[in-house]
Amino acid sequence: MSPLQPARGTRDLIGEELRRHRHVIETARRIAETFGFEEWATPVFEDTRVFSRTLGETSDVVMKEMYSFTDRSGESLTLRPEATAGVCRALVSNGLTQSLPQKVFYAGPMFRYERPQKGRYRQFHQIDIELIGPAHPLADAEVMACGHCILEALGVAEGVTLEINTLGDAASRAAWRAALVAYFTARRDELSAESQARLERNPLRIIDSKERADQPIIAAAPVIAPYLTPSAAAFYAGVKQGLLRFGVPFRENPRIVRGLDYYGHTAFEFVTTGLGAQGTVMAGGRYDGLVAEMGGPPTPAVGWAAGIERLAMLLPAVPEAAAPVAVVPIAPELEAHAVVILQRLRREGIRAELEYTGNLRRRMERANRIGARWAVILGEAERERGSVQLKDLASGAQSEVPEADLIARLS
RNA sequence: GCGGGCGUAGCUCAGUUGGCAGAGCGCCAGAUUGUGGUUCUGGAUGCCACGGGUUCGAGUCCCGUCGCUCGCCCCA
């Protein structure tokens with residue numbers, strides 16, 4: 001039997017990797033809170049229909065990437081492939097459509113059955129922002145501004161570009177879609193096989209194709225701008241103006257569309273060249289129809305999701321674990337006293353560890369290995385004088401300190 | 001779902017035409033019984049990813065499986 005390994009596409013987060021991961025979440029949460037977002041947590045699995053109805057029956061996520069299973073009562077459940085659908089379901093389930101706006105921050109694991117590669121896992125983690133309620137274009141800008149601030153706070157904004165587009169309202173999109181179908185149908189034979197299939201299912205996604213053969217055809221394809229209704233055009237103009245007001249740099253890219261069907265109006269991606277094939281680091285848009293599809297009233301909303309693994313890979317600096325104080329009794333008789341001091345330090349919020357095996361040399365070696373800043377050495381003679389030896393492990397300087405002064409010396 | 005590369009010690013890796021399983025780092029012990037880091041001496045590393053085949057003999061060649069990785073596709 002081969003050795004037990006983590007399941008394909010999953011991994012253990014230990015040490016530096018978890019510190020990076022947590023740093024992304026904690027930074028994002030802190031910034032999002034300054035924008036007024038509050039954290040939610042919803043179940044990792046949902047009724048399959050929460051996703052199958054709303055993400056689009058023809059989307060790749062629904063067709064071939066969901067972890068769906070039947071439980072013992074015969075119900076079809078699915079490990080969530082993304083956060084937004086679950087948040088909208090929770091909004092409706094909890095009657096919160098009556099208390100809008102809701103500003104939601106989310107962080108947690110998502111699941112998609114895909115072939116793993118750099119920055120892509122079967123269990124991956126996202127941070128997520130949803131602003132539910134406002135139909136105002138400034139809401140779109142604020143959501144993007146929040147994302148931009150998070151990228152700045154993480155120190156990764158430098159290499160990242162915000163690209164935006166509009167998918168218009170339903171009327172604009174229908175007109176554009178008709179133009180695209182006409183255009184691509186005329187050139188059907190030149191398209192890649194994949195794009196020919198998309199022509200039936202989801203012609204907008206041809207625009208997003210990375211197939212080399214499709215590129216010249218896409219480059220000449222109609223853009224949405226001429227098909228925008230006056231109100232959709234005004235909305236998009238409002239979003240761009242909002243971004244200027246928030247001071248968020250962006251670039252228009254008329255080829256951005258979304259993989260999930262519930263998006264309309266604003267679509268955007270924060271992209272980088274620093275991650276190989278996985279260049280999108282944060283992406284989202286407006287999804288005014290989703291809450292209604294979940295059984296709630298028509299409710300405007302806009303949001304984004306970002307891959308934590310991808311952000312963690314871009315982090316310029318790794319957060320360091322706090323350097324502890326090592327408490328080192330010289331002999332077993334001093335252990336009881338060592339525990340008293342250990343707990344006294346911890347109650348002051350100082351990270352302290354007890355070195356409780358081996359001779360003094362072994363204990364000091366271990367203090368060094370765990371990266372201790374100070375060693376508090378407890379000896380018989382000092383005990384009688386009510387003091388300890390305090391050693392600075394960086395400089396090697398050591399002095400005898402009265403126990404009463406110890407906390408002050410370490411603060 | 002498709003294509004390329006790779007799996008040898010805890011880690012990074014070497015291993016010649018098929019002929020005793022190796023190095024560095026790390027780990028353990030000692031030099032130093034009340035003092036870490038640097039140094040010196042000694043020691044242990046192992047299902048050579050897993051399963052099968054060829055061969056007197058396989059880490060090495062062949063087949064399959066699993067995993068990792070880089071692309072494609074898709075997406076965050």
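Here are a few things to note about the model shown:
- Placing unit charges on each Cβ (+1 for Lys and Arg, -1 for Asp and Glu) gives the stretch A:125-205 a dipole about its Cα centre, and among A:Ser192, A:Ile150, A:Ser172 the Cα reaching farthest toward its positive end belongs to A:Ser192.
- Restricting attention to the stretch A:262-402, close to 70% of DSSP beta bridges with both partner residues there are antiparallel.
- Segment A:Thr229-A:Arg30, extension gain: residue separation times 0.36 nm, minus the distance between their alpha carbons: 67.8 nm
- Here's the list of aspartates and glutamates a cross-link from A:Lys118 could span, going by alpha-carbon distance under 13 Å and ignoring same-chain residues fewer than 8 apart: A:Glu309.
- Within the stretch A:325-410, percent of DSSP bridges classed antiparallel, to nearest 5: 55 percent
- Annotation for the stretch A:298-397: GluC sites (Glu not before Pro) lying in DSSP loop with at most 10 further Cβ atoms inside 10 Å of their Cβ are A:Glu320.
- Tensor-based shape of the stretch A:148-187 (alpha-carbon gyration tensor, a/c under 1.5 rounded, otherwise prolate or oblate): oblate
- Taken per residue, the accessible surface of chain A reaches 48 Å², heavy atoms only and a 1.4 Å probe.
- Values of log10 I(q)/I(0), in the order q = 0.12, 0.14, 0.19 Å⁻¹, for the stretch A:273-381 under a Debye, Cα-only, solvent-free model: -0.63, -0.69, -0.94
- Each of A:Ala221, A:Asn94, A:Ala135 was placed along the dipole of chain A (beta-carbon charges, centred on the mean Cα), and the one lying farthest toward the positive end is A:Ala221.
- For chain A, the Kirkwood radius over C-alpha pairs fed into Stokes-Einstein at 4 °C and 1.567 mPa s yields D = 52 µm² per second.
- Helix A:84-93 axis, angle to chain A major axis (alpha carbon atoms, nearest 10°): 90 degrees
- Acute angle (nearest 10 degrees) that the helix A:360-369 long axis makes with the longest principal axis of chain A, alpha-carbon atoms: 20 degrees
- Gain upon complete extension [A:Lys64, A:Leu354; 0.36 nm per residue less C-alpha separation]: 99.2 nm
- Projected-area average for the stretch A:325-410 over all orientations - Cα convex hull basis, square nanometres: 4.9 nm²
- Between 0 and 90°, nearest 10: helix A:230-246 axis offset from chain A longest Cα axis: 20 degrees
- The relative contact order of chain A comes to 16 percent, based on Cα pairs under 8 Å that sit 6 or more residues apart.
- Calculated FRET efficiency for the pair A:Leu244/A:Ala193, C-beta based, R₀ 35 Å, to 0.05: 0.25
- Take every pair of alpha-carbon atoms less than 8 Å apart whose residues are at least six positions apart; their mean separation over the length of the stretch A:325-410 yields a relative contact order of 29 percent.
- Taking each DSSP H run with n ≥ 4 as -39500 (n - 2.57) and averaging over every residue of chain A yields -10500 deg cm²/dmol at 222 nm.
- The A:Arg115 and A:Asn253 beta-carbon pair, evaluated with R₀ = 22 Å, returns a calculated FRET efficiency of approximately 0.25.
- About its Cα centre, the dipole of the stretch A:325-410 is roughly 380 debye, where the only charges are +1 on Lys and Arg Cβ and -1 on Asp and Glu Cβ.
- With the alpha-carbon atoms of the stretch A:163-212 aligned to their principal axes, the span from lowest to highest coordinate is 30, 25, 15 Å, starting with the largest.
The values are calculated or read from the model by the stated rules, or taken from the named source; none is laboratory data. Quick caveat: nothing in here was measured; it's all calculated off a predicted structure. Don't worry about glycine lacking a Cβ; one is built from the backbone with ideal geometry, like all the others, and counts go over all protein chains shown. In case anyone asks, the SASA skips ligands and DNA or RNA and just uses the protein heavy atoms, side chains included. Shrake-Rupley method; radii C 1.70, N 1.55, O 1.52, S 1.80 Å.
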